[in-house]
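Below: the structure, in structure tokens.
The values are calculated or read from the model by the stated rules, or taken from the named source; none is laboratory data. Since this is a predicted model, take the numbers as computed values, not measurements. SASA here: full protein model, heavy atoms, side chains in, ligands and nucleic acids out. Shrake-Rupley method; radii C 1.70, N 1.55, O 1.52, S 1.80 Å.
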Amino acid sequence: MSKKRIVITYGTFDMLHKGHIKLLERAKNFGDYLIVGVTDESYDRSRGKLNVAQSTKQRVEAIKAIDYIDEVIIETHRNQKSEDMIAYNVDTFVIGDDWLGMFDYLNKYTHVEYLPRTPGISSTQLREENFGTIKLGIAGLSHDTKPFIDESKFVSNLTINQVYSQDLNAMEEFTNESNDVVHGYDNYDHFLDARIEAVYVNSEPQECYMLIEKALKSNKHVLCEESLALSQENLQELIKLAKNKKLVFLSKLKTDFLPAHHHEFEGYGFRYMMAEFTSLIQRGRERSKTLNSPNTPV
Ligand code: C2G
């Protein structure tokens with residue numbers, strides 16, 4: 001009896017659509033036994049896919065419901081593909097040509113096939129059609145502003161189209177240099193107009209409370225760097241306001257504010273703590289196809 005020809009492919013398969021289906025149908029034609037690897041959400045986040053709409057469970061169930069798929073596995077880490085080629089004794093690895101060349105390194109294990117992608121359909125498009133796009137404004141300009149805008153391009157369903165700074169010159173300089181942000185304001189009330197639904201506050205600590213309070217009062221969701229307010233009382237007021245208005249009020253919390261951090265250090269004599277920072281853009285070099293860098297296999 002001849003050996004079954006094993007085919008494998010991987011994907012996020014968020015909001016399963018005809019592009020995915022066409023890829024899977026063609027993959028099956030390369031063999032007798034089709035294995036599909038579905039990426040799990042934490043692995044997706046680590047490779048820059050930040051707002052996948054469906055859970056791993058939902059996406060796996062959608063793939064499992066397709067009768068010509070013989071086995072479904074979960075992709076959880078880098079290098080797993082190399083491990084799977086050996087573990088499943090794969091004959092053909094199939095992927096869409098939006099990854100052209102990225103998986104050539106697997107040729108040492110198996111035969112790699114890039115198939116034409118189906119035009120005109122994508123999960124990003126379906127997410128936008130179903131969930132809309134958040135229009136964000138940035139209040140406060142700093143050295144973080146441009147990197148923040150650059151990285152936001154990896155998040156679908158999000159656009160940044162206006163900035164505010166009480167420093168007119170800084171604001172004009174920024175909008176003149178920026179290819180992305182055209183609308184600049186030095187009047188905060190005018191900035192909080194109808195064109196935005198959310199505000200990213202990144203300003204001086206003494207200014208944050210006022211900027212956040214006004215944004216919440218104008219029914220804008222708020223995302224803020226460190227210091228939200230200069231007093232516990234003011235902070236409680238902002239939290240109450242956001243709750244009453246059912247608005248998102250998010251703060252970037254530094255590790256050293258985390259209760260667990262204090263607990264660990266005080267209780268158990270921690271010597272050091274590791275922290276990882278993900279950056280979707282390697283300074284000075286835009287990653288090709290967002291998720292890949294040439295030297296580490298995905
Ligand atoms: N695809 C396609 N046509 C589309 C959209 C997607 O042929 N219009 C293919 C992709 O090329 C890929 C598969 O469908 O081979 C799954 O696509 P995604 O869900 O976007 O997954 P992706 O991020 O490409 O994951 O480790 C996972 C892999 O690296 C691929």
Can you run phi through the Karplus equation (6.51, -1.76, 1.60; θ = phi - 60°) for segment 6-19 and list ³J(HN,Hα) in whole Hz, with x for Gly and Pro? 8, 10, 9, 8, 9, x, 7, 6, 6, 6, 2, 9, 5, x
So who's got an amide H within less than 5 Å of the one on Tyr185, skipping anything under 5 residues away but keeping other chains? H placed 1.01 Å off N, in plane. Val163, Tyr164, Ser165
Stretch Ser178-Gln232 to full length: gain in nm at 0.36 nm per residue minus the Cα-Cα span? 15.8 nm
Per-residue HN-Hα couplings for segment 237-252, Karplus 6.51 cos²θ - 1.76 cosθ + 1.60 at θ = phi - 60°, whole Hz, x for Gly and Pro? 4, 5, 4, 4, 4, 5, 4, 4, 9, 6, 10, 6, 9, 10, 10, 7
What order do Asp98, Asp189 take when sorted by accessible area (1.4 Å probe), most exposed first? Asp189, Asp98
Check Ile73: other-chain or 5+ apart residues with amide H under 5 Å from its amide H, H built from backbone geometry? Val36, Gly37, Val38
So how much slack lies between Glu83 and His190, counting 0.36 nm per residue of separation and subtracting their Cα-Cα distance, in nm? 33.0 nm
Could you list which residues have their amide H under 5 Å from that of Cys224, counting only those 5 or more apart in sequence or on another chain, with H placed in the peptide plane? Val201, Leu250, Ser251, Lys252
With a ≥ b ≥ c the root eigenvalues of the C-alpha gyration tensor of segment 135-261, is it rounded (a/c under 1.5), prolate (a/b larger than b/c) or oblate? prolate
Per residue of segment 43-50, what does 6.51 cos²θ - 1.76 cosθ + 1.60 with θ = phi - 60° give for ³J(HN,Hα)? Whole Hz please, x for Gly and Pro, Karplus curve as stated. 5, 4, 4, 5, 9, x, 8, 8
